[in-house]
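**Q** One structure, pasted below without further comment.
The values are calculated or read from the model by the stated rules, or taken from the named source; none is laboratory data. Values in this document were obtained by computation on a predicted structure and should not be read as measured data. Cβ placement follows ideal geometry from the backbone for every residue including glycine, while neighbour counts extend to all protein chains displayed. We work out accessible area using only protein heavy atoms, side chains counted, and drop any ligands, DNA or RNA first. Shrake-Rupley method; radii C 1.70, N 1.55, O 1.52, S 1.80 Å.
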Amino acid sequence: MKCTSRITSVAIAALLLCGSAWAQDAIKIGVVGPRTGPAAATGTAFEEGIKLATEYVNSKGGVMGKKLEVVFEDTAGAPDKAASGFERLVTRDKVVMVLGESHSSSALAQIEVANRLKVPFIVAEAGADDITAKGYPYVFRAGPSNSGVVLQSIAKWVQNEKFKKAFIIAENTDWGIGIGKLTENAMAKAGVQFESMITERNSQDHYVELTKIKAFKPDVILAYIYGVGLHYFVSQA
């Protein structure tokens, strides 16, 4: 279990860095993610998955003789709430490390807190390159960055399928705008004709976008829309 081994190794490192953790009956691990908002299902998945991992670790004796305990903080996809929630986990709940997050804008706010408070932060899903590009020693990435997704997966797939025309539609967030721009650059480098458009991430009506896509007649649509917004887009299409 990769997630389990990652939790265990970082928890041990956090214990060595944070002497106060020894005084606690359990090692508290913070989990951040959107329990409310359009991506609420992601936060629930983080919480449930990490609880399963910690239960497994605890069944094997815990970490250095101590049980792990998960404390969840709802970030709602809002950077200010994400940053304050992260800080509460550290100052109020005394967690030794934090895991999670799906929104890049929230993660970008949280890494500043992690760096300032010197608390390890493993970003589970948020893909903006800037999250780890700053080189903060307490910030880690469990999933691929936007550039990794585009260059190692999407661009290669478009080329292998010999698509000639691509339409790129991205939501108006740090993640969407960033990965959309990277995709534009990759399509241009590959000689693939493309058009692109930014859409409101919470929109329930994509008539304008779909009309433009239909007129362009692409071979493939590359849609960078997260959560419920994507369901509306696909349903209307």
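**Q** How large is the accessible surface of THR42 in square angstrom, using a 1.4 angstrom probe and rounding to the nearest 10?
**A** It works out to around 20 Å².
**Q** Quick one: longest stretch of the chain between exposed loop trypsin sites (Lys or Arg not before Pro), exposed meaning at most 14 other C-beta atoms within 10 Å and loop per DSSP?
**A** Longest site-free region, per DSSP loop and neighbour criteria: 165-237.
**Q** If you don't mind, there's one more thing I want to ask. If you put +1 on each Lys and Arg Cβ and -1 on each Asp and Glu Cβ, how big is the dipole of region 64-202 around its Cα centre, in Debye rounded to 20?
**A** The calculation lands at about 440 debye.
**Q** Report the one residue of GLY37, SER59, GLN110 whose Cα lies farthest in the direction of the positive end of the charge dipole of the chain (charges on C-beta: Lys and Arg +1, Asp and Glu -1; origin at the Cα centre).
**A** Most positive-ward Cα: SER59.
**Q** Follow-up question, since we're still on this one. Keeping all protein chains in place and using 1.4 angstrom, which order do SER235, SER147 fall into by accessible surface area, from largest down?
**A** SER235, SER147
**Q** If you put +1 on each Lys and Arg Cβ and -1 on each Asp and Glu Cβ, how big is the dipole of the chain around its Cα centre, in Debye rounded to 20?
**A** Here the size comes out at about 580 debye.
**Q** Helix 174-190 sits at what angle to the longest principal axis of the chain, using alpha carbons and giving 0 to 90 degrees rounded to 10?
**A** Once rounded, one gets 50 degrees.
**Q** On a 0 to 90° scale, report how tilted helix 79-91 is relative to the longest principal axis of the chain, with both axes built from alpha carbons and the result rounded to the nearest 10.
**A** 10
**Q** Can you give the Rg and Dmax of region 29-147 based on its C-alpha atoms, in angstrom?
**A** Rg, Dmax (Cα atoms, Å): 13.5, 40.
**Q** Taking N as the number of residues in the chain, what is its alpha-carbon radius of gyration divided by 2.2 N^0.38 Å?
**A** After normalising by residue count via 2.2 N^0.38 Å, the value is 1.13.
**Q** Contact order normalised by length for the chain, with contacts defined as Cα pairs under 8 Å and 6 or more residues apart; what percent is it?
**A** Taking the mean separation of contacting Cα pairs over the length of the chain, I get 15 percent.
**Q** Another question, if that's okay. Counting helices only, and only those DSSP H runs with n ≥ 4, report the 222 nm mean residue ellipticity of the chain as the sum of -39,500 (n - 2.57) divided by its residues, in deg cm²/dmol to the nearest 500.
**A** -14500 deg cm²/dmol
**Q** Continuing with this model, one more query. According to the Cα gyration tensor, what semi-axes, each the square root of 5 times an eigenvalue, does the equivalent ellipsoid of region 157-234 have, listed from largest to smallest in whole Å?
**A** Ellipsoid semi-axes (Å, largest first): 21, 14, 10.
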